[in-house]
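Asks: Here it is, the structure, as structure tokens.
No lab work stands behind these numbers, since they all come straight from the coordinates. Keep in mind it's a predicted model, so treat the numbers as computed, not measured. Please note: Cβ atoms are built from the backbone with ideal geometry, for glycine as well, and neighbour counts cover all protein chains shown.
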């Protein structure tokens, strides 16, 4: 039987140096792989997510990209999209200033910034416009599932679900110290949604340079904690602007600090009146390795 080989690149995303940020495996030509095989390879890589690149399915897109966590396939995600775009641009597959990648939720716009020598310096990903979901009032239960007390949650901001493609529950924390103390109880976390689909949980607190965040999803995607969550950073920006935590425009979210993998996610949320007209996230990436998987 002929052995199949699939090339992959390994990147650290939302960082400008190796061994920080969020790890990503990009399978650069996934033709011939089944959905079950892609899920198996993602578990084998054991990162928060892996991506699989296919030829474009529509004329307006440059490539088709499928994104998996170790447990599920995602409709969209941020660090996999930014990291895959970074790899495609560095390898010469994306040559212009902008392009669209086909994700499970449809085409997503990517903008590429380069220096005067043409070297890639930054990637922006445009999110869908935000959808604001329900506000939770069971602060004691939410805090307990996070190993915290209700007093560790900011009383002036809501516990609210927001989505720009993937819904997250956003939980405002009073301080960096309290954020660092969070220790999840997985069964209690899953139990917050006894009659509905569980949500990934995004904790955040304000500091002088922007926001510090942590994301937990063992009960949804088999991700105990994520070093950088671009799918949450977009709705986080919209939440921050909508609730007056940040003005319209851009700021930075630091994530992964408590894990020893510091990440910096640039975000931008703009409104016209009360309506959002644009939500974007962006960052850098570093290629740290390349290889082949044998099947």
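Asks: Using only the alpha-carbon atoms of region 131-280, report the extent along each of the three principal axes, biggest first, to the nearest angstrom.
Replies: Dimensions of region 131-280 along the principal axes of its Cα atoms: 41, 34, 28 Å.
Asks: Using a Gaussian network for the chain with springs between C-alpha atoms less than 10 Å apart, which of these wobbles most: 167, 155, 235?
Replies: Judging by the Gaussian network model, the answer is 155.
Asks: Sticking with this structure for a sec: Starting from the Cα of residue 105, step 7 Å toward the Cβ, then list every residue of region 193-220 with an amide N under 16 Å from that point.
Replies: Of the residues in region 193-220, 199-202 have backbone N under 16 Å from the label point off residue 105.
Asks: Give or take rounding to whole Å, what are the principal axis extents of the alpha carbon atoms in region 46-86, in descending order?
Replies: 32, 19, 13
Asks: Identify which of the listed values of volume of the Cα convex hull per residue in Å³ was calculated from the structure shown: (i) 139; (ii) 151; (iii) 126.
Replies: So the calculated entry is the one marked (i).
Asks: Further question: Expressed as an acute angle from 0 to 90° and rounded to the nearest 10, what is the orientation of the C-alpha long axis of helix 35-45 relative to the principal long axis of the chain?
Replies: So the inclination is approximately 70 degrees.
Asks: I would also like to ask the following. Taking the 0 to 90 degree range and rounding to the nearest ten, how far is the long axis of helix 230-242 tilted relative to the main principal axis of the chain, both from C-alpha atoms?
Replies: Helix 230-242 sits at roughly 40 degrees to that axis.
Asks: Once you have the Cα-Cα distance between residue 175 and residue 57, take 0.36 nm times their residue separation minus that, and quote the gain in nm to one decimal. Kindly include the intermediate steps, with their values, before the conclusion.
Replies: Numbers: separation 118, 0.36 × 118 = 42.48 nm, distance 4.60 nm.
Full extension of this stretch gives 37.9 nm more.
Asks: Ok, one more. Report, in deg cm²/dmol and to the nearest 500, the calculated mean residue ellipticity at 222 nm for the chain, where each DSSP H run with n ≥ 4 adds -39500 (n - 2.57) and the sum is divided by the residue count.
Replies: One gets -5500 deg cm²/dmol as the mean residue ellipticity at 222 nm.
Asks: Still on this model: State the percent of C-alpha pairs, over all pairs in region 1-102, separated by a distance greater than 23 angstrom.
Replies: Working: 1142 of 5151 pairs.
Everything past 23 Å amounts to 22 percent.
Asks: Using 0.36 nm per residue of separation minus the Cα-Cα distance, give me the extension gain between residue 4 and residue 252 in nm, one decimal. Please list the in-between numbers first.
Replies: On the way: separation 248, 0.36 × 248 = 89.28 nm, distance 4.20 nm.
Computed gain between residue 4 and residue 252 is 85.1 nm.
Asks: Where in region 113-130 does the label zone of residue 93 land, with the point 7 angstrom along Cα→C-beta and an amide N cut-off under 20 Å?
Replies: Within reach of a label on residue 93, which here means backbone N under 20 Å from a point 7 Å along Cα→Cβ, region 113-130 contributes 113-114, 119-126.
Asks: Then there is this: Does anyone have the angle between helix 78-90 and the longest principal axis of the chain? Alpha-carbon axes, 0 to 90°, nearest 10?
Replies: 30 degrees
Asks: Set the Förster distance to 35 Å, then compute FRET efficiency between residue 288 and residue 137 from the Cβ-Cβ distance, nearest 0.05.
Replies: 0.20
Asks: Zone of residue 31 (label point 7 Å along Cα→Cβ, backbone N under 11 Å): which residues in region 39-68?
Replies: Output list for this probe position: 54-56.
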